[in-house]
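What follows is one structure encoded as structure tokens, with my remarks underneath.
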Amino acid sequence: MFKAYQFYGPYQENQRRAAYYENLVDTSSPGVTVLRDSILIDYQDDKRTIHIYVPPDYDRDSSKRFPVLYFLDGESSFNDLENMGPEWQIDEVINEAYERSQPTAMVVGTNQAEDRDAGYTPFINEDNPQAHGAQFAEWVSNDLKTWIDSNYRSRPEPGSTTIGGISRSGMMAHYMLMAHPDVFGGAVIQSPAMWVDDDRLMAMDIPASQLKEKNIFISVGEHEGRIMIPHAKDIYKKFKESGMGEDQLRFEIIPKEGHWHLTWRKSFALAYPWLMGIEN
């Protein structure tokens, strides 16, 4: 009986997933463009896919410039087909803001590297001897951002530039805010995998004068366990004790959710209006 269960259980799961993938459809809005294998990462001599969303008012007002949110693991941002699972509905959230005559923003999503762990690990350590997250952060902060600012009507100043991510890339959002405070004025730090190198990451700091200009949204799922939740709380505590006010800093536990995409979908729906100063 146990042998039969061992076979039938995985078989059922594979059938369920196959049926799910079969029924996936393109869920991105018309404002989303995918530039596949188009943007050169020079230090790797490799090209990366990026996803660019412009809100409905981008083409309706040629004089208007827009704040930009940069999202790591960006293939999950806009489209179930790209993510092969539930997307974060970032475009839907901002489209709804537009319909309500509320502030809108551009979003740039970068695909993860083939070796995701190395690409999203800033410090070389025993677990990741090939880590190149610091170089990736430099590339996003300089090369990619310069390209976006040169080709789109973005607002380039730090106060209009936010970095975001989930899990290991959520940890990278924390790292990039600390490592490049002259570039990023905000961060969306979701389910951050700080265990990657917690001591060095938490030791990172920037002057209080710069922190006063930042907006940081931190979230974690209610069911994400005894490591992830305390680490997310530690980040919140660190910034709060550094003098950040409640208007600059927000922490959310997403009810009834674990470490997966629906958590980050719900998180972004809370993060966006808060970052943009939209009163619900």
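When the range 92-142 is limited to residues that are within 18 Å of the chain's Cα centre (by Cα) and of a type in the set (Phe, Trp, Tyr), the one that is surrounded by the most Cβ atoms within 10 Å (Cβ to Cβ) turns out to be Tyr120.
The residues in the range 140-164 that are in a helix (DSSP H, G or I) and β-branched (Val, Ile, Thr) can be counted, and the count is 3. None of Ala113, Ala137 is touching a helix residue (DSSP H, G or I) at 6+ places or on another chain (Cβ under 6 Å), closer than 26 Å to Gly185 by Cβ, of a type in the set (Gly, Ala, Ser) and part of a loop (DSSP other than H, G, I, E, B) except Ala113.
Here, each number is a calculation from the coordinates, and none is a lab measurement. Please read these numbers as outputs of a predicted model, since none were measured by experiment. Ideal geometry is used to build each Cβ from the backbone, glycine not excepted, and the neighbour counts take in all protein chains shown.
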